[in-house]
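These notes concern the structure reproduced below.
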Amino acid sequence: MAGERVLSQEEIDNAFRNLREQAGDDDPGKRAQPYDFRRPDRIAKDQLRAIHILHENFARTLASSLSAYLRAYIAVNLVSVEQLSFMEFSQCLPSPSCLVSLGMKPYEGNAVLEINNTLIFPILEMLLGGTAKGTSRMNREITEIEQNILEGLYRIILHDLHVSWGAVVALDFSITGHETEPQLLQILAPNEAVVAISMEVRVGENSGMMNLGVPSIIVKMLRQKFDQQWSVRKTTSTADEQARMLRLIKPASLLLDARLQGPTLEVQQLLDLSEGDILTFDYPVDRPIDLLVNNRRKYSASLLTTGRMKGIRIEEPYEVTDQSLAS
């Protein structure tokens, strides 16, 4: 046609070269992600983080519930959340141990809950009125009678699990079987993936691990529910929510401790003390003392007396500085 310009060979080569570069950038092979056919039910990292947050809440709730149930101070800390094959998970468990398989209605499949013997026997002793001292080294299978005594413990754990998972989906956890040897668990195929949640539990002077294994295929089925739940999470709380939280924590008990922070002594100096020695504490009468709330310094205070009673008067809040945080 008249008016059309004929391209030179150099312009044609440049056009093809540009097309090849664009095709290389859009190559789907470069956007491909590795896929492990041995573990087709592997879940995404963001969902693992969501499960981590969920079980952090579970750990806090369980610590409070067990402290009230055992009438002792119980600490529960989330250690890790990772994805393993069921074989790897079972090989990490001690033998013998206290294991239960958990139904997860309305979904098919079973989870595994394992509690170390270093926890089970102190808890059993406390339930029977003991002090839970000197039992951490017992390493034997529990008896049928002891299993029945632990029903209350399992009931509390499963209730708190149900409440924590209720933020995402309503799961009815129930015990479907008991076992003492991890190698005898046959609820999942060896190569099937599980989400392994490990928590450290401290009971008085004893500590041990509590492990929960949830089939990854069930967690993967809940991906949309996890996304919905975390998408509506609020970054800031409203005034009504703050008032509600204050109303819930008002009945909580706090430990107040007034301390005179004096000098330190070496053990040898302490052993060398004898009758008649004088220690200089270098603590002026008018110097304020520290008022600790749950072992955290919160206020400066001064000593006073009211009749025969001794007391303290709060002077001012303790100012937190960068140096105090570092210490």
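Overview of values
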{"quantity": "Order of V201, V194, V168 - criterion: other Cβ atoms within 10 Å of each residue's Cβ, fewest first", "calculated": "V168, V201, V194"}
{"quantity": "Theoretical gain in end-to-end length, L184 to A239 [0.36 nm per residue, Cα-Cα removed]", "calculated": "14.5 nm"}
{"quantity": "Fewest-first ranking of Y73, Y299, using other Cβ atoms within 10 Å as the exposure measure", "calculated": "Y73, Y299"}
{"quantity": "Neighbourhood net charge (12 Å Cβ-Cβ; Lys/Arg +1, Asp/Glu -1) for L66", "calculated": "+3"}
{"quantity": "Nearest-0.05 FRET efficiency for A167 and R247, computed from C-beta distance (R0 22 Å)", "calculated": "0.60"}
{"quantity": "Stokes-Einstein diffusion coefficient of region 45-235, Kirkwood radius over Cα pairs, 20 °C, 1.002 mPa s, in µm²/s", "calculated": "126"}
{"quantity": "L256-N77 FRET efficiency (beta carbon distance; Förster radius 22 Å; 0.05 resolution)", "calculated": "0.30"}
{"quantity": "Gyration tensor over alpha-carbon atoms, region 170-223, equivalent ellipsoid semi-axes in Å", "calculated": "23, 16, 12"}
{"quantity": "Lys pairs, region 45-235 - Cα-Cα below 18 angstrom, 8 or more residues apart or on other chains", "calculated": "5"}
{"quantity": "E141, E316 arranged by Cβ crowding within 10 Å, fewest neighbours leading", "calculated": "E316, E141"}
{"quantity": "Förster radius 41 Å - calculated FRET efficiency between R287 and R202 (Cβ-Cβ, nearest 0.05)", "calculated": "0.70"}
{"quantity": "Inter-label distance for Q224 and N148, nm, one decimal - labels placed 7 Å from Cα along Cα-to-Cβ", "calculated": "4.7"}
{"quantity": "Per-residue ³J(HN,Hα) for region 165-174, Karplus 6.51 cos²θ - 1.76 cosθ + 1.60, θ = phi - 60°, Hz, x for Gly and Pro", "calculated": "6, x, 5, 10, 7, 7, 10, 9, 7, 8"}
{"quantity": "Cα centroid of region 86-144 to Cα centroid of region 237-287, whole Å", "calculated": "38"}
{"quantity": "In nm, spacing of pseudo-spin labels at R17 and H159 (7 Å Cα→C-beta vector)", "calculated": "7.6"}
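None of the figures in this text is laboratory data; all of them are computed from the coordinates on show. Given the structure is predicted, the values throughout are model-derived calculations rather than measurements. All Cβ positions, even for glycine, are placed from backbone atoms using ideal geometry, and neighbour counts span all protein chains on display.
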